[in-house]
């Protein structure tokens, strides 16, 4: 039998709260330790205990990180989804199933490995049998696929950091799994793992932790937050790193953390901190941003630095709280009532989560305006291979703040909202400085900050704000372009689609097409995006939502002759993007465009 | 050559930091003539001037409504933030967290604080944010032309419409139950009492709520209103005569009253002296404070004075475990961890 090495997908069906996540992370880490390009997706429910959870492990020597379009190896532990999971498998798939689950195994066309997982686990410790069951299937997989024992041991020690008892217990359970496979089953499937040499050293980290670290290296001074999935990990990681990164020898920190009473208050605190001259931020998800809208308009209009991280989950409303989507784009870019426009940074990798974490603070103070980080559940909560974080290549940019009286005196005429430099960015003084005291307000104001309803004052103010944000276009992270010389089809996309785009590209190119990629990393868009569109025959705007939000923004901002060249492929089912679905949709769209 | 204008010499009174009272005034008020809020603004100006607070050290905070417009009418040399409806407490909390060295003077109204903003008021009290929270309470929404607010008394009738039948929210009772460290009620017409209470609140470290009945002359000043000038004047139960004694040189000479009095020492060493009028009120006793409120309420009266005080509570900044300096004074080099620290982090992740 020909073997299939490092190119398959494992789907593990368990129940939430049974400890399967730690077993799954050990499996993922052990494959990673063997140098195999691997990705893991946790498909968890909005629940603490009992509802179905799936963990998808994709091995791909090509580096594909999407979940894969089909399951090759199914682990069945959870009776609740048993029949459905079994039914969805293609002929020839492998099924490792808990024969103690009192469920039927009614497929004849699959490779079946029954394992009495519960009784094996009970042998070790009946009290924690449920927990141990999970590590038993890791042992089975290890033996079946040929995972190195040393890789497993290394993964175990990382997972349980020094907890010798837990490591010992899990080692025993792994051994039981391995032995059971050796003694009672014979390998009938083609799937194996093969050790690879990694070109560069890498580690696994989730986007939320990477973002949190970036915020610390941006010198965040106040975090105000309200817990919400999937963003809590950012706030929790910021808190976790305060002692190590932001605390002096006396145990005093330079980063205040307040758990607010709601998202409205969190936004208010961020804006208060920005107004006072500090670096304030919050982390939330779409529902939180909805609640913050009024404050976002205030920060835009009164020009107060403030940073908001949105880890996008599925909307509208409460939606699917534990699933991923790219559907907050418009809400962030044009947030709050009236005419507004905001800077949005959109990382696609964990390295960028870190980088945009500190850059968001700089941009916010530079442009005196709210800055959003737009991550998503897939990027934020799943672990991704990371080559390490790069130290900021510039000092903290505190923007146009007048701190010294002689600088202040040198102004011929000082007005908080006076455009001295012609870039739309005025100068500000801070409360307590004694210089140019003004009453910040959300009402209309003149260049001195004094209340005004005069048409000219309003028009001038709105025009300056537009000029200010437009001025950011070429200073924000530039789009990443990967172009084919033929310039046939261009695909514009954002964020965590980065992890699926190459597989989509390969599928499209397998049909003979030549496909270029353009990943937008910030709004407002750079002029480079328009040039990319101009160079290409047909351009697809690919995004994970229903309505083509990014496409809508492009249509609004591109010159007329380019508008007709961009076509929307927007789809979201809540799952991390599977390459086949999107490549099929792109092919269908290209067909449609041709006619 | 133009003529140099001359004017007769006159004496200007300066406070202890050599500032004239003009340094504490603001722009002209756009509120209705006779509005209670303008009287309060004048007391704020007087209190800040007399206490010799540097104007730039004060931060004026407000929400939305008639009351929240007033920061434009006092302390023109102070920075301020006229925020959004009911959300001034959170903005103040954020500002205070990064700059604890300012004196935060919040002004709000009953529309702002008792309805949309009640949650934020509660949580600012719960955290003991170090701020003065002046609540200009008139029982109606003035800026939207006279709808009842959540503090309108039962049976009270505004100029237009039917008497209010909805149970009012007593924000002082609420604050006492929440353990607010400084709770007072006053009346915009009681200048002297208000002056002492505002000064005491400024000397207090922690959340100081002063709920001030401030009649709305346009929509709620008729005889049938329980928050009209006439009614409050006739039905004001004063707990004590409050006198603020600053702790600084030269010490203010105060008459030691005959009879009972109680001195409460505030965080900056100043004292508020509460002189008993009829029955002694113990402001350190929450039950007594609530009893005073309920007794007055039962007789449709308004009790004024320092209702409750607890100087022992740590303020929010003490809970946050921050460095000694205000965070905005920490240099960037101490905010951003070094590249060596990042190298170590990267290495630890890889090991």
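None of the figures in this text is laboratory data; all of them are computed from the coordinates on show. Note that the structure is predicted; figures quoted are calculated from it, not measured. Note: ideal-geometry Cβ built from the backbone for every residue, glycine included; neighbour counts use all protein chains shown.
Here is the tail figure for segment A:306-441: Cα pairs spaced more than 18 Å apart come to 65 percent of all pairs. Between the C-alpha center of segment A:177-210 and that of segment B:1-71 there is a gap of 73 Å.
Fully extending the segment from residue A:481 to residue A:401 would add 25.3 nm, taking 0.36 nm per residue of separation and subtracting the current Cα-Cα distance.
Here r is the Cβ-Cβ distance between residue B:334 and residue A:161 and R0 is 30 Å; the resulting FRET efficiency, rounded to 0.05, is 0.50. Here the label points at residue A:560 and residue A:290, each 7 Å from Cα along the C-beta direction, are separated by 3.8 nm in the simple model.
Here the Debye sum runs over all C-alpha atoms of segment A:400-476 as equal scatterers in vacuum, and log10 of I(q)/I(0) at q = 0.21, 0.26 Å⁻¹ comes out as -1.00, -1.25. FRET efficiency for the pair residue B:268 and residue B:22, taken as 1/(1 + (r/R0)^6) with r the Cβ-Cβ distance and R0 = 25 Å, rounds to 0.50. A simple spin-label model places pseudo-atoms 7 Å from Cα toward Cβ; at residue A:511 and residue A:259 they are separated by 5.1 nm.
Once the Cβ-Cβ distance of residue A:412 and residue B:313 is raised to the sixth power relative to R0 = 51 Å, the FRET efficiency obtained is 0.55. Working ranking of peptides B:93-104, A:251-262 by packing, defined as the average number of other Cβ atoms within 10 Å per residue, highest first, is B:93-104, A:251-262. Restricting the calculation to Cα atoms, segment A:101-155 shows an Rg/Rh of 1.04 when the hydrodynamic-style radius is the Kirkwood one. Helix A:498-509 versus the longest principal axis of chain A: what is the Cα-based angle in degrees, 0 to 90, to the nearest 10? In chain A, helix A:498-509 runs at an angle near 70 degrees to the longest axis. Note on residue A:458 and residue A:148: the extension gain reaches 104.7 nm, defined as 0.36 nm multiplied by sequence separation minus the Cα-Cα distance. Separation of segment A:323-352 and segment A:9-57, taken as the distance between their Cα centroids, equals 29 angstrom. Computed over Cα pairs, the Kirkwood radius of segment B:242-351 leads via Stokes-Einstein (1.306 mPa s, 10 °C) to a diffusion coefficient of 83 µm² per second. Treating each Cα of chain A as one equal point scatterer and applying the Debye formula with no solvent, the log10 of I(q)/I(0) at q = 0.06, 0.09, 0.10 Å⁻¹ comes out as -0.36, -0.76, -0.90.
Computed packing ranks the peptides B:129-139, B:227-237, A:30-40, A:156-166 as B:129-139, A:30-40, B:227-237, A:156-166, most packed first, by mean other Cβ atoms within 10 Å. In chain B, the calculated helix contribution to ellipticity at 222 nm averages -8000 deg cm²/dmol per residue, counting -39,500 (n - 2.57) for every DSSP H run with n ≥ 4.
All C-alpha pair distances within segment A:4-192, sorted into 5 Å bins from zero, spread as 1, 8, 18, 22, 23, 17, 8, 2, 0 percent across the bins. In this simple spin-label model, placing a label point 7 Å from the Cα along the Cα-to-Cβ direction at both residue A:584 and residue B:177 gives a separation of 5.9 nm. Per-residue extension of 0.36 nm, minus the Cα-Cα distance of residue A:330 and residue A:84, leaves a gain of 84.9 nm for this segment. From least to most packed, judged by other beta carbons within 10 angstrom and beginning with the fewest, A:53, A:282 follow the order A:53, A:282. For the residues of A:170-182, the average number of beta carbons from a partner chain within 10 Å of their own beta carbon is 0.
Panel order for B:323, A:489, A:138, by other beta carbons found within 10 Å of each beta carbon, from fewest to most: B:323, A:489, A:138.
Measuring between their Cα centroids, segment B:244-306 and segment B:84-99 lie 29 Å from each other. Globularity index of chain B is 1.09 (Cα radius of gyration / 2.2 N^0.38 Å, N = number of residues). Enumerate the residues in segment A:40-80 having an amide nitrogen under 17 Å from the point lying 7 Å beyond the Cα of residue A:104 toward its Cβ. Correct set: A:79-80. Segment A:100-214 has equivalent-ellipsoid semi-axes of 28, 20, 15 Å, by the square roots of 5 times the alpha carbon gyration tensor eigenvalues, sorted largest first.
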